[in-house]
Number of protein chains: 2
Amino acid sequence: MKRLLLISNSTLFGSGYLDHCEDEIIDFLGKKIKTVVFIPYARPSGISHDEYTKKARERFLKLGYKLISVHEVENSKKLIEESEAIFIGGGNTFVLLDGLYANGLIEPIRKKVNSGTPYIGTSAGSNVACPTIMTTNDMPIKELKSFKALNLFPYQINPHYLDPDPSSTHQGETRETRIKEYLCFNNTSVIGLREGAMIRVEDDQITLKGSTGAKIFKKNIEPFEISSGDKITDL
Amino acid sequence: MKRLLLISNSTLFGSGYLDHCEDEIIDFLGKKIKTVVFIPYARPSGISHDEYTKKARERFLKLGYKLISVHEVENSKKLIEESEAIFIGGGNTFVLLDGLYANGLIEPIRKKVNSGTPYIGTSAGSNVACPTIMTTNDMPIKELKSFKALNLFPYQINPHYLDPDPSSTHQGETRETRIKEYLCFNNTSVIGLREGAMIRVEDDQITLKGSTGAKIFKKNIEPFEISSGDKITDL
């Protein structure tokens with residue numbers, strides 16, 4: 001009965017915040033849900049919880065949903081426990097996971113989502129739905145007691161996945177090289193989720209959505225492409 | 001009496017391994033040193049300690065120095081304690097720091113370099129010379145007990161620093177945004193060290209070297225440029 005919508009990025013080039021995934025979010029949440037609980041901990045560009053919540057709230061109101069942030073209430077665990085749906089926004093994955101640990105929300109969110117409450121993540125919010133945050137692109141700007149994350153989804157996601165640019169003169173590792181290094185030391189397969197792509201989980205069925213496809217990285221085999229509409233199984 | 005050569009990248013586009021910093025390495029090590037102790041833990045692209053050491057050894061032989069790796073001896077602490085010079089190569093910063101902790105080399109290297117033994121780092125090897133590895137670009141593919149690093153250098157380095165590309169359609173955070181996020185949560189200033197740039201420390205004098213300059217990020221002030229030959233003070 002698990003329901004997840006894991007989005008690579010909140011803003012696609014040339015469009016506004018959540019525009020490219022608007023239809024998918026409405027389809028995913030449906031009409032019965034009235035209020036979405038927001039987790040603003042990832043603080044993109046260091047903005048405050050209030051600023052981030054204002055941005056998300058305005059956008060969700062246009063989609064037809066009220067939004068309340070965990071930082072606006074005294075008892076954030078209770079808010080999670082009573083939530084109709086949960087949305088974790090992007091930003092810095094380390095800061096986000098630190099916030100989830102510091103506020104004791106890992107287990108309450110896991111329990112709630114595992115019992116059927118819909119979960120939406122964008123970017124870092126998709127990363128923390130994975131077993132660990134080891135495939136984030138973010139700088140480790142906060143010490144963490146563990147890289148273990150919500151473990152709602154069985155594979156690792158690399159959000160904002162970027163294909164190698166053959167014309168680049170930059171000698172830093174490509175994203176592909178980084179993910180292959182991950183697989184030298186870890187066994188969980190990685191979904192390189194391009195900007196514009198998203199993953200929808202309904203019960204045990206995992207489907208790639210969006211317009212840009214994804215690249216699958218599995219230990220000891222050549223990476224391969226999957227397309228929108230494809231089911232993801234047995235990685 | 002501390003002596004450091006902290007290089008952004010080991011290979012510059014269009015040239016071979018360590019070519020662009022060859023003259024600087026020879027000038028830094030001088031003619032009295034015969035053997036350099038190598039630390040291969042960062043394993044770029046997941047290559048083995050043996051493969052990485054072979055690559056570094058061949059290159060250092062051409063520069064006129066023998067090279068011995070810490071993984072080739074039974075007592076790596078003793079090798080560090082008796083070293084004439086230390087070189088830590090690039091790769092994955094988390095894997096590197098994990099190796100330094102696992103082999104108990106943090107304190108031996110600190111002690112040795114603080115007493116005057118020359119230290120060369122490239123990329124991840126420059127990052128671990130900083131107070132922490134919080135300004136790495138690498139994926140956190142290994143759990144670490146701490147992000148604290150060798151603390152041989154007083155500021156944070158971001159190796160392979162990359163200026164924002166105004167023509168990019170990619171919506172992932174620019175390097176500048178990532179470093180500014182670091183400064184929202186931390187106080188140590190950051191040197192964005194472009195590929196082709198390096199830092200030389202002689203006693204307490206810090207000088208920018210190389211051909212490409214660096215960008216300085218300091219809390220609460222606008223980032224600014226420094227050029228080759230500039231002294232770095234009071235960040």
Among the candidates A:121, A:104, single out the residue that is away from chain B (no Cβ under 14 Å), open to solvent by 10 Å² or more (accessible area, probe 1.4 Å) and of a type in the set (Gly, Ala, Ser). A:104
Is one or more of the residues making up segment A:219-228 under 19 Å from residue A:132 (Cα atoms), away from chain B (no Cβ under 14 Å) and either under 17 Å from the mean Cα position of the chain (by Cα) or open to solvent by 20 Å² or more (accessible area, probe 1.4 Å) (or both)? no
I'd like the residue in segment B:134-154 that is open to solvent by 30 Å² or more (accessible area, probe 1.4 Å) and farther than 23 Å from residue A:156 by Cβ and, out of all such residues, is nearest to the other protein chains (Cβ to nearest Cβ). B:148
Of the conditions (1) crowded, with 20+ Cβ neighbours inside 10 Å; (2) at the interface with chain B (Cβ under 10 Å from one of its Cβ atoms); (3) touching a residue at least 12 places away in the same chain (Cβ under 8 Å), the single one that residue A:210 does not satisfy is (2)
Could you go through segment B:156-173 and let me know if any residue there is among the aliphatic types (A, V, I, L, M), within 12 Å of another protein chain (Cβ to nearest Cβ) and touching a Gly at 6+ places or on another chain (Cβ under 9 Å). yes
Identify, from the list B:14, B:89, B:30, the residue that is closer than 27 Å to residue B:154 by Cβ and free of Cβ contacts under 8 Å to residues at least 24 places away in the same chain. B:30
Kindly state which helices (runs of 4 or more DSSP H) lie completely within segment A:3-99 and contain at least 3 residues that are under 22 Å from residue A:162 (Cβ atoms) and either open to solvent by 10 Å² or more (accessible area, probe 1.4 Å) or out of contact with any helix residue (DSSP H, G or I) (no Cβ under 8 Å at 6 or more places or on another chain) (or both). none
So, residue B:120, is that one aliphatic (A, V, I, L, M) and within 17 Å of residue B:42 (Cβ to Cβ) or not? yes
Answer residue from segment A:174-207, given it is under 23 Å from residue B:95 (Cα atoms) and among the β-branched types (Val, Ile, Thr) and is farthest from the other protein chains (Cβ to nearest Cβ) among those: A:191
Would you please name the residue that is farthest from the other protein chains (Cβ to nearest Cβ), looking only at residues in segment B:81-101 that are out of contact with any Leu (no Cβ under 8 Å at 6 or more places or on another chain) and of a type in the set (A, V, I, L, M)? B:86
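The values are calculated or read from the model by the stated rules, or taken from the named source; none is laboratory data. Note that the coordinates shown come from a computational prediction; the quantities given were computed from them, not determined experimentally. Glycine gets a Cβ as well: all are built from the backbone with ideal geometry, and neighbour counts include every protein chain shown. The protein model used for the area step is the full one, side chains on, heavy atoms only, and it has no ligands, DNA or RNA in it. Shrake-Rupley method; radii C 1.70, N 1.55, O 1.52, S 1.80 Å.
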